[in-house]
Amino acid sequence: QVQLVESGGGLVQPGGSLRLSCAASRSIFSINTMGWYRQAPGKQRELVASITSGGSTTYADSVKGRFTISRDGAKNTVYLQMNSLKPEDTAVYYCNAEWLYRSYWGPGTQVTVSS
């Protein structure tokens with residue numbers, strides 16, 4: 001199993017930055033893919049960014065150039081650096097791990113972008 005815990009959410013003004021962290025209970029290099037998803041009220045959960053065990057990254061078009069996914073193997077942690085935040089980035093952000101053909105989710109962290 002993989003247990004995930006997110007942190008770093010909060011309230012930020014438009015144009016501001018936040019860094020989300022996702023701590024995993026096992027080596028992130030043993031996990032096929034780790035990703036960040038988000039779900040806004042009344043909308044479906046969507047992929048924001050992902051990183052494979054080999055280091056390949058993928059981003060949603062809406063966040064390209066503003067968000068960066070990275071990892072620290074020593075801490076078994078994946079990060080999502082979010083810059084130039086917009087009100088439409090407001091959502092609950094979830095960490096996801098795809099491991100041995102199963103999908104694991106963290107409890108989520110709220111990000112609110114508002115003046």
Checklist entry - Is it true that V48 is surrounded by 21 or more Cβ atoms within 10 Å (Cβ to Cβ) and under 25 Å from S115 (Cα atoms)? => result yes
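What number of residues within the range 10-45 are assigned to a loop (DSSP other than H, G, I, E, B) and either open to solvent by 70 Å² or more (accessible area, probe 1.4 Å) or more than 19 Å from D72 (Cα to Cα) (or both)? Explain how you work it out, then say what you get.
First, pick out the residues of the range 10-45 that are assigned to a loop (DSSP other than H, G, I, E, B): 13-17, 25-27, 31-32, 40-45.
From the residues that got through so far, the ones that are either open to solvent by 70 Å² or more (accessible area, probe 1.4 Å) or more than 19 Å from D72 (Cα to Cα) (or both) too are 13-17, 26, 32, 40-45.
Result for the range 10-45: 13.
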Next on the checklist: Looking only at residues that are closer than 18 Å to Q3 by Cβ and of a type in the set (D, E, K, R) in the range 59-91, which one is least open to solvent (accessible area, probe 1.4 Å)?
Outcome noted: D72
Checklist entry - With respect to the numbered conditions (1) under 11 Å from the mean Cα position of the chain (by Cα); (2) closer than 19 Å to S25 by Cα; (3) of a type in the set (S, T, N, Q), which one is the sole condition not fulfilled by T68? => result (2)
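Just to check your reading of the model, which residue among T52, T109, T33 is closer than 20 Å to G9 by Cβ, of a type in the set (S, T, Y) and in contact with a Ser or Thr (Cβ under 7 Å, 6 or more places away or on another chain)? Lay out the reasoning, then the answer.
Details: T52 fails: closer than 20 Å to G9 by Cβ; T33 fails: closer than 20 Å to G9 by Cβ.
When all the criteria are applied, what remains is T109.
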Checklist entry - Cβ-Cβ below 9 Å, separation at least six or inter-chain, first residue in the range 71-90 and over 20 Å from R45 (Cβ atoms) and part of a loop (DSSP other than H, G, I, E, B), second open to solvent by less than 50 Å² (accessible area, probe 1.4 Å) and aliphatic (A, V, I, L, M): which pairs? => result N76/A23; N76/A24; N76/I28; N83/L18
Next on the checklist: I'd like to check something: does the range 55-69 contain any residue that is of a type in the set (G, A, S) and in contact (Cβ under 8 Å) with a residue 40 or more places away in the chain?
Outcome noted: no
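The values are calculated or read from the model by the stated rules, or taken from the named source; none is laboratory data. Bear in mind the structure is a predicted one, so any value in this text is a computation, not a measurement. Counting neighbours? That spans all protein chains shown, and the Cβs are built from the backbone with ideal geometry, glycine included. Heavy atoms of the whole protein, side chains included, go into the accessibility calculation; ligands, DNA and RNA do not. Shrake-Rupley method; radii C 1.70, N 1.55, O 1.52, S 1.80 Å.
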